[in-house]
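Heads up: the structure comes next, in structure tokens.
The values are calculated or read from the model by the stated rules, or taken from the named source; none is laboratory data. Only a predicted model underlies this, so the values are computations on that prediction, with no experimental measurement involved. All Cβ positions, even for glycine, are placed from backbone atoms using ideal geometry, and neighbour counts span all protein chains on display.
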């Protein structure tokens with residue numbers, strides 16, 4: 001009986017509702033699983049309870065089923081029981097009405113290894129990967145600062161040499177060379193101060209010398225360059241797309257095995273500082289996270305790093321040879 005009802009339901013989905021063959025096949029497998037569970041528990045199709053479904057979902061989750069797969073299975077079961085209630089009048093209440101699938105885990109942010117990050121920012125200053133002295137100096141300063149201070153790209157591009165305020169304009173961020181800090185305007189209009197490492201400060205000073213020499217040589221309008229820390233050759237504030245493009249190209253030339261974007265340097269900063277210090281609150285403040293829960297995802301990256309180190313270094317973590 002159950003199988004006949006299932007086939008009738010699936011035919012209606014395919015013919016009347018025009019559901020794809022791929023989805024029909026997936027739903028058919030999900031309904032077979034339902035009937036298997038009903039048989040194992042000696043439960044009639046029309047007597048299924050919400051508590052039973054919750055138990056099954058828990059076991060599927062414990063067996064390694066992904067939240068996405070469980071959600072699809074529940075969708076198939078829910079639709080079938082809704083059809084039994086509305087079309088066949090076999091049940092009065094859908095036992096899956098209040099059943100929710102396990103939450104999907106957020107993917108971990110991608111971060112470079114310490115060696116990969118250092119290799120990347122140092123290679124930005126190499127003539128082998130960047131022949132243009134202007135771009136070489138600017139890119140090195142940008143990438144060093146992104147990795148040094150964990151800034152969002154929008155925060156970095158809003159930095160001025162000195163704080164400026166007038167009726168027409170107010171600086172979003174600025175550098176304090178004496179203190180070795182940068183003030184930025186983050187999400188929600190919140191300002192924060194972040195330390196700048198010595199390597200980044202040196203790269204910025206070298207960039208400023210190149211920027212000034214270029215301005216004088218090309219007679220770039222000083223009014224265009226007086227505020228922005230990072231500019232293009234026309235003296236205008238550099239765009240986010242330009243930074244993304246140069247970073248991706250640099251990563252390829254540096255031999256990194258993954259697509260690198262500016263936010264990956266922010267993730268790398270957070271992960272590496274947390275690995276070294278273990279101070280989650282400090283990392284939260286430097287990243288400008290309103291909630292500690294946003295920062296805690298880097299503890300998973302930290303654990304992942306430790307697990308990899310364990311697998312490579314601990315003698316008992318290595319696979320055992322089969323006894324002869």
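Between 217, 144, the distinction of being farther than 28 Å from residue 260 by Cα and assigned to a helix (DSSP H, G or I) belongs to 217 only.
So that you can scan it fast, the table gives a plain yes or no per residue for (1) in a helix (DSSP H, G or I); (2) touching a residue at least 24 places away in the same chain (Cβ under 8 Å); (3) surrounded by 18 or more Cβ atoms within 10 Å (Cβ to Cβ):
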| site | (1), (2), (3) |
| --- | --- |
| 10 | yes, no, yes |
| 22 | yes, no, no |
| 28 | yes, no, no |
| 57 | yes, yes, yes |
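Any residue that is over 29 Å from the mean Cα position of the chain (by Cα) and not assigned by TED's automatic domain parsing to the domain that holds residue 269 - is there at least one of those in the stretch 66-76? Looking for residues that are over 29 Å from the mean Cα position of the chain (by Cα) and not assigned by TED's automatic domain parsing to the domain that holds residue 269, one finds at least one in the stretch 66-76, hence yes. Of 256, 301, 274, all but one fail to be surrounded by 13 or more Cβ atoms within 10 Å (Cβ to Cβ), modelled with pLDDT under 90, in the same structural domain as residue 182 (by TED's automatic domain parsing) and not in a helix (DSSP H, G or I); the exception is 256. Of the residues making up the stretch 233-243, not a single one is at pLDDT below 95, within 26 Å of residue 176 (Cα to Cα) and in a helix (DSSP H, G or I).
For the stretch 136-148, the criterion of being touching a helix residue (DSSP H, G or I) at 6+ places or on another chain (Cβ under 8 Å), assigned by TED's automatic domain parsing to the domain that holds residue 274 and surrounded by fewer than 21 Cβ atoms within 10 Å (Cβ to Cβ) is satisfied by no residue at all.
The set of residues in the stretch 60-75 being assigned to a helix (DSSP H, G or I) and under 30 Å from residue 1 (Cβ atoms) consists of 60, 61, 69, 70, 71, 72, 73, 74, 75. Note down all Cβ pairs under 8 Å where the first residue falls in the stretch 149-166 and is not assigned by TED's automatic domain parsing to the domain that holds residue 282, the second is assigned to a helix (DSSP H, G or I) and buried (at least 18 other Cβ atoms within 10 Å of the Cβ), and they're at least six residues apart or on different chains. So the pair list comes out empty.
Considering only residues in the stretch 76-115 that are in a helix (DSSP H, G or I) and touching a helix residue (DSSP H, G or I) at 6+ places or on another chain (Cβ under 8 Å), the one that is modelled with the lowest pLDDT turns out to be 114. Selection of the stretch 172-191 for residues being touching a residue at least 24 places away in the same chain (Cβ under 8 Å) and surrounded by fewer than 18 Cβ atoms within 10 Å (Cβ to Cβ) yields 177, 187, 188, 190.
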